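Student: A single structure is presented below for examination.
The values are calculated or read from the model by the stated rules, or taken from the named source; none is laboratory data. Quantities reported herein were computed from a predicted structural model and do not represent experimental measurements. A quick note on method: Cβ atoms are made from the backbone with ideal geometry, for glycine too, and the neighbour counts reach across all protein chains shown.
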Amino acid sequence: MGDVLVPCKKCGNKVPSTSLKLDLDIRMMICPDCIKNKKIHKEIEKEAFHKPDMNQMTSPQPQKKVEEEKALKSNHKCQSCDYVFKVNYDTKTPKNCPYCGSRILGF
């Protein structure tokens, strides 16, 4: 007995159910032809607009920014519920405990 034919959610073509693949970008099961066309479109877009792949992009500045943000934040223990969370002493945020909502007094 053959495979059950089901419509592709993107193009509507009927294909065997075992050939459908999950496309994470659009969160649907699509046929092999749509997957192939997706790869072709990405290559064309990259050549036409000279866009680098997201996997190939590495820039040190965003990592530096994250490190600086981490340096500004430090652990704080709520006096009411003993919940430990990060506080930014420069901007004095958050003002309340995220767990119990009590006011932070030790800035």
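Student: Check whether at least one residue in region 22-30 is at pLDDT below 85, outside any strand (DSSP E or B) and among the charged types (D, E, K, R), and report yes or no.
Tutor: For region 22-30, residues at pLDDT below 85, outside any strand (DSSP E or B) and among the charged types (D, E, K, R): present.
Student: Only one of (1) at pLDDT below 80; (2) surrounded by 10 or more Cβ atoms within 10 Å (Cβ to Cβ) fails for SER74. Which number is that?
Tutor: Evaluating SER74 over (1) at pLDDT below 80; (2) surrounded by 10 or more Cβ atoms within 10 Å (Cβ to Cβ) leaves (1) as the failure.
Student: For region 1-21: of the residues being under 18 Å from LYS36 (Cβ atoms) and in a loop (DSSP other than H, G, I, E, B), which is farthest from the chain's Cα centre (by Cα)?
Tutor: My answer is ASN13.
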